[in-house]
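The values are calculated or read from the model by the stated rules, or taken from the named source; none is laboratory data. Quick caveat, the model's predicted, so the values are computed rather than measured. Quick reminder, even Gly has a Cβ in these numbers, built from the backbone with ideal geometry, and neighbours come from all protein chains shown.
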Amino acid sequence: MNTRLFTLMTLGLTVSLSIAAQTRQTVGSLEYHDLQNYSWMRLAQIIPEVTDRIILPVGTVESHGACPIGTDNFIPENLADHVWKDVNALVAPIVNHGVTGASISQFPGSIMIRPEVFQEYIYDILKDLVRTGFKNILIINGHGGNTEPMQKAIAKLHMETGAHFMIISWWEAAWNLAEEVYGLKPVQSGHGDLEEAALVLSKYPELIDREMYEKLGKDNLGHAGTDKGVIMMPAWATTRLPEKGVGYLDFDQKKAKEYTVKKAKFISDTFNEAVSRWEMMESWK
Ligand SMILES: [Zn+2]
């Protein structure tokens with residue numbers, strides 16, 4: 001091979017490698033990962049080339065014992081902070097009003113959206129994310145009352161548009177982490193309890209109200225829920241323990257951070273696997 005041809009080939013290789021490097025650009029290499037920081041022109045340049053994935057954090061404003069009334073918003077926001085890079089997704093503005101539970105809605109600060117209103121509202125938000133070009137949408141859910149209306153909204157949109165959706169309700173997923181981090185037997189997390197507080201504590205330690213927790217008493221502030229066949233309005237307490245005597249707050253931020261990182265990893269791994277399966281199924285030919 002003559003030198004000139006070799007040089008030309010090397011140049012060609014360099015150019016094609018740099019084009020490949022450009023096409024491999026990720027959200028982590030961009031200036032922003034928050035959807036709201038973009039002008040529409042720049043957004044149009046990166047969707048779908050850099051990403052067609054977005055995270056929508058969804059919560060509510062609701063009493064949570066010694067945890068702040070914004071707990072269900074702070075948690076999906078905190079988890080999204082840990083997840084976006086690993087799943088190569090932008091993050092949409094949080095939906096911070098949801099279907100707060102009637103049984104604790106009378107405590108100060110709780111704001112309740114009716115399920116049918118919430119379902120339509122979420123549907124409209126998701127519809128425009130799909131129109132913008134997002135094909136893979138991860139909803140990190142911070143509140144149980146939101147689940148059913150959101151499930152109806154994504155089923156409808158999936159059938160209408162073919163876009164892919166996943167809702168992860170953090171407290172119903174990866175129960176084993178309670179055992180791994182706290183040595184508790186794996187049970188579903190309650191409400192305003194150890195695990196829920198941990199996901200707030202890891203980011204906003206000053207927002208867990210230890211003084212009030214001790215003043216009212218952990219058993220007055222929390223209860224293990226009602227027996228089957230017993231329905232109460234209001235509930236026993238604004239905190240629900242997963243089991244009697246289990247799930248009291250421990251205020252250990254190091255453990256809380258460990259728990260948060262592990263929970264976020266579960267979410268990233270689950271979403272990444274789902275997207276690769278969705279794409280594999282659609283391109284099998
Ligand atoms: Zn909550």
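Could you check how many residues of segment 219-255 are part of a helix (DSSP H, G or I), surrounded by fewer than 18 Cβ atoms within 10 Å (Cβ to Cβ) and not basic (Lys, Arg)?
3
Report, by residue number, each residue of segment 78-119 that is of a type in the set (Val, Ile, Thr), assigned to a strand (DSSP E or B) and either in contact with a His (Cβ under 7 Å, 6 or more places away or on another chain) or within 22 Å of Ile231 (Cα to Cα) (or both).
Answer for segment 78-119, where residues must be of a type in the set (Val, Ile, Thr), assigned to a strand (DSSP E or B) and either in contact with a His (Cβ under 7 Å, 6 or more places away or on another chain) or within 22 Å of Ile231 (Cα to Cα) (or both): Val91, Ile111.
Looking only at segment 83-122, count every residue that is modelled with pLDDT under 95 and among the aromatic types (Phe, Trp, Tyr) and tell me the total.
1
Condition first: under 20 Å from Pro149 (Cβ atoms) and either in a strand (DSSP E or B) or out of contact with any Gly (no Cβ under 6 Å at 6 or more places or on another chain) (or both). Now tell me which residues in segment 57-67 satisfy that.
The answer is Pro57, Val58, Val61, Glu62.
So Val187 clears everything in (1) β-branched (Val, Ile, Thr); (2) at pLDDT 90 or above; (3) over 19 Å from Ala274 (Cβ atoms) except one condition, right? Which one?
(2)
Determine whether Thr226 is of a type in the set (S, T, N, Q), over 16 Å from the mean Cα position of the chain (by Cα) and away from the ligand (no atom under 15 Å from the Cβ).
In short, yes.
Applying the selection to segment 68-77, what residues are over 26 Å from Glu116 (Cβ atoms) and either out of contact with any Asp or Glu (no Cβ under 8 Å at 6 or more places or on another chain) or outside any loop (DSSP other than H, G, I, E, B) (or both)?
Listed by number, the list holds a single entry, Phe74.
For Thr51, are the conditions met, namely being near the ligand (Cβ under 10 Å from one of its atoms) and either at positive phi or hydroxyl-bearing (Ser, Thr, Tyr) (or both)?
no
Kindly indicate whether any position in segment 256-269 is of a type in the set (Val, Ile, Thr), surrounded by fewer than 16 Cβ atoms within 10 Å (Cβ to Cβ) and at pLDDT 95 or above.
Within segment 256-269, one or more residues are of a type in the set (Val, Ile, Thr), surrounded by fewer than 16 Cβ atoms within 10 Å (Cβ to Cβ) and at pLDDT 95 or above.
Would you point out the residue of segment 157-207, among those that are under 30 Å from Met281 (Cα atoms) and within 15 Å of the ligand (Cβ to nearest atom), that is surrounded by the fewest Cβ atoms within 10 Å (Cβ to Cβ)?
For segment 157-207, the residue satisfying everything is Glu172.
May I ask you to list pairs of residues, at least six apart or on different chains, whose Cβ atoms are under 7 Å apart, with the first in segment 63-76 being more than 19 Å from Ala235 (Cα to Cα) and the second being more than 10 Å from the ligand (Cβ to nearest atom) and aromatic (Phe, Trp, Tyr)?
Close Cβ pairs satisfying both conditions: Phe74/Tyr204.
Restricting to segment 124-173, what's the tally of residues that are part of a helix (DSSP H, G or I), of a type in the set (Gly, Ala, Ser) and closer than 25 Å to Phe74 by Cα?
Qualifying residue count, segment 124-173: 3.
Restricting to segment 158-176, what's the tally of residues that are touching a Pro at 6+ places or on another chain (Cβ under 8 Å) and touching a residue at least 60 places away in the same chain (Cβ under 8 Å)?
Residues that pass the stated criteria total 1.
Can you pull out the residues in segment 135-149 that are touching a residue at least 40 places away in the same chain (Cβ under 8 Å) and either more than 13 Å from the chain's Cα centre (by Cα) or away from the ligand (no atom under 16 Å from the Cβ) (or both)?
Once the filter is applied, which keeps residues that are touching a residue at least 40 places away in the same chain (Cβ under 8 Å) and either more than 13 Å from the chain's Cα centre (by Cα) or away from the ligand (no atom under 16 Å from the Cβ) (or both), segment 135-149 yields Lys135, Asn136, Ile137, Leu138, Gly145, Pro149.
Can you tell me which of (1) touching a residue at least 40 places away in the same chain (Cβ under 8 Å); (2) more than 17 Å from the chain's Cα centre (by Cα); (3) under 16 Å from Ile55 (Cα atoms) is the one Asp124 doesn't meet?
Condition not satisfied by Asp124: (1).
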